[in-house]
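Chemist: Just dropping this structure here.
The values are calculated or read from the model by the stated rules, or taken from the named source; none is laboratory data. All values reported here derive from a predicted model rather than from experimental measurement. FYI the Cβ positions are ideal-geometry reconstructions off the backbone, even for glycines, and counts take in every protein chain you see. These area figures cover heavy atoms from the full protein model, side chains too; ligands, DNA and RNA do not enter into them. Shrake-Rupley method; radii C 1.70, N 1.55, O 1.52, S 1.80 Å.
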Amino acid sequence: MSNITIDPLEQLIRASGENWLIDWFAPPDKALPHFRQVLERADQCAVQRFGQNGPRLTIEALRDEQQGNPHKVRALLQILPTIASPDMLVMALRIMRGMNIDSMHLEYEEEQSFRLRVRLKSMYDDKEIDEYETTDIHDAVVLRHFGILKMNDRPAFDGFYPLRVGD
Amino acid sequence: MIGGQDILIPCAEPSVALDLATRTVTRYWSEAHLEDGESGDVLSPYRDAHFAGIREILITKTQQASDLWDKLGACEATNGTLIHLLASGKTLTVVIDDEPSEEMINIVREIRGSLIQELFTSTAETKVAA
């Protein structure tokens, strides 16, 4: 009898139904090492910002989150192939945990420059503010996961949601 | 509320729809109290809420409003303080007062507008490993 050990990250991805993350990656056998590295770097960013007891991006933490909010883990996984700055994953996690998108500044000139700055504010404490910044246009992938709404006819980006992946 | 009226909104995924609708309501009602409509378990605050397996959420404007609902049920005193979300299949049902306040009408409009985005299908591109 042999024991087959499934990689926990692969298990997380397969359980999320986001198999395309692995299957479409080129080459597919490099997908898991790449994603693992991105998550490890993102978790280090999270620890630097919020300490060991703050929100984490370890595979264990994501597996726990998957139990209660599988759609949130899907949203995080969906940006893994494209994201350039691990800090953007921290930002996504913070939004999903209830931070509001307080302001966003986007500067872009074709084939010249890109800069995205996002400030988050807690929906529970006005003094709790995070700021994130990137100059890599691949990080613009986060924008298509933001919810869009109006509050009494005033604009608001709100929440971070998974996309429905086509067949 | 007195019976309330059901507003049916198409959605793609019940848990995403409940999350999105709950988050929208809590933006209007910052002290909202969230409860699993079936088990009665408290889900609030939003940051700790889990949506997996949840089919109904009762959102009251405040904890006090929730207590009042438990005590008095639907009456003039509790009018305008409860939104009931039910997700089933591809539909999110939002139950609000028979004669809703302007605030409630706005909330439902925003939930509907947000869920339209959720209906879209997108794909994400792959990236070649370095």
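Chemist: Quick check: net charge around A:G98, other residues with Cβ under 14 Å of its Cβ, Lys/Arg +1 and Asp/Glu -1?
Modeler: Details: positive: A:K72, A:R94, A:R97, A:K121, B:R23, B:R27, B:R47; negative: A:E65, A:D102, A:D125, A:D126, A:E128, A:D130, A:D158, B:D19, B:E31, B:D48.
Net of charged neighbours comes to -3.
Chemist: What accessible area per residue comes out for region A:105-167, rounded to a whole number of Å², with a 1.4 Å probe?
Modeler: Details: 3970 Å² over 63 residues.
Accessible area per residue: 63 Å².
Chemist: Summed for both chains, how many Å² of accessible area, to the nearest 100, are buried between B and A with a 1.4 Å probe?
Modeler: Details: alone 7810 and 10270 Å², together 14720 Å².
Interface area, both chains combined: 3400 Å², rounded to the nearest 100.
Chemist: Given a 1.4 Å probe and every protein chain left where it sits, what share in percent of the accessible area of region A:1-144 is carbon and sulfur?
Modeler: Numbers: 3300 of 7430 Å².
Of the solvent-accessible surface of region A:1-144, carbon and sulfur hold 44 percent.
Chemist: Apply the Debye scattering formula to chain A, with a single equal point scatterer on each alpha-carbon and no solvent, then give log10 I(q)/I(0) at q = 0.12, 0.17, 0.18 Å⁻¹.
Modeler: -0.56, -1.10, -1.22
Chemist: Please build a GNM for chain B, connecting alpha carbons under 10 Å apart, and tell me which residue among B:V25, B:V108, B:V16 fluctuates the most.
Modeler: Highest fluctuation of the listed residues: B:V16.
Chemist: Then there is this: Give the dimensionless ratio obtained when the Cα radius of gyration of the protein assembly as shown is divided by 2.2 N^0.38 Å.
Modeler: That works out to 1.05 for the protein assembly as shown.
Chemist: So, one more: Between A:D7 and B:V42, what's the calculated FRET efficiency when r is the beta-carbon distance and R0 is 30 Å? Round to 0.05. Please list the in-between numbers first.
Modeler: Values: r = 36 Å, r/R0 = 1.21.
Calculated transfer efficiency: 0.25.
Chemist: Determine the calculated [θ] at 222 nm for chain B from helices alone, applying -39500 (n - 2.57) to every DSSP H run no shorter than 4 residues and normalising by the residue count; nearest 500 deg cm²/dmol. If you can, show how the numbers build up before the last one.
Modeler: Values: 3 runs with 43 residues, N = 130.
About -10500 deg cm²/dmol.
Chemist: Round to the nearest 0.05 the FRET efficiency obtained for A:E109 and A:A84 when R0 = 25 Å and r is the Cβ-Cβ distance.
Modeler: Values: r = 18 Å, r/R0 = 0.73.
Step by step, r from the Cβ atoms, then E = 0.85.
Chemist: Let me ask something else about it. Run the numbers for B:D6 and B:Q64: contour at 0.36 nm per residue of separation, minus the present Cα-Cα distance, in nm.
Modeler: On the way: separation 58, 0.36 × 58 = 20.88 nm, distance 2.43 nm.
Net length gain for the segment: 18.4 nm.
Chemist: What accessible area, in Å² to the nearest ten, does a 1.4 Å probe give for A:L39?
Modeler: 10 Å²
Chemist: Would you calculate, for chain A, the mean residue ellipticity at 222 nm contributed by helices, counting each DSSP H stretch of 4 or more residues as -39,500 (n - 2.57) and dividing by all residues, to the nearest 500? Walk me through the numbers before you get to the answer.
Modeler: Working: 6 runs with 63 residues, N = 167.
Helices in chain A give a 222 nm mean residue ellipticity of -11500 deg cm²/dmol.
Chemist: Okay, moving on. In a GNM of chain A with a 10 Å cut-off on Cα contacts, which of A:D136, A:D125, A:D102 has the highest mean-square fluctuation?
Modeler: Of A:D136, A:D125, A:D102, the most mobile in the Gaussian network model is A:D125.
Chemist: Then there's this: Name the residue from B:G80, B:S101, B:L8 whose Cα lies farthest towards the positive end of the charge dipole of region B:1-124, charges +1 on Cβ of Lys and Arg and -1 on Cβ of Asp and Glu.
Modeler: With unit charges placed on the Cβ atoms, the residue in question is B:L8.
Chemist: Quick one: go through region B:5-19 and flag any residue whose amide nitrogen is under 20 Å from the point 7 Å out along the Cα-to-Cβ line of A:K150.
Modeler: The answer is B:9-10.
Chemist: Next question. Once the Cα atoms of helix A:31-50 and of chain A are each reduced to a long axis, what angle between those two axes, in degrees from 0 to 90 to the nearest 10, is obtained?
Modeler: For helix A:31-50, the angle is close to 40 degrees.
Chemist: Provide the net charge surrounding B:G37, with neighbours chosen by a C-beta distance below 9 Å and charges set as Lys +1, Arg +1, Asp -1, Glu -1. Display every interim value, and only then the final one.
Modeler: Working: positive: B:R55; negative: B:E35, B:D36, B:E38, B:E56.
Here the charged neighbours net out to -3.
Chemist: For chain B, which DSSP H helices look membrane-span-like by this rule: Cα extent along the axis of 18 Å or more and mean Kyte-Doolittle of at least 0.0? Numbers along the way, then the final one.
Modeler: Values: long enough: B:14-28 (21 Å, 0.09); B:102-119 (26 Å, 0.03).
Going by DSSP H runs, the hits are B:14-28, B:102-119.
Chemist: Another question about this same structure. Please work out the C-alpha center-to-center distance from region A:120-159 to region B:25-97 and express it in whole Å.
Modeler: So the two Cα centres are separated by 25 Å.
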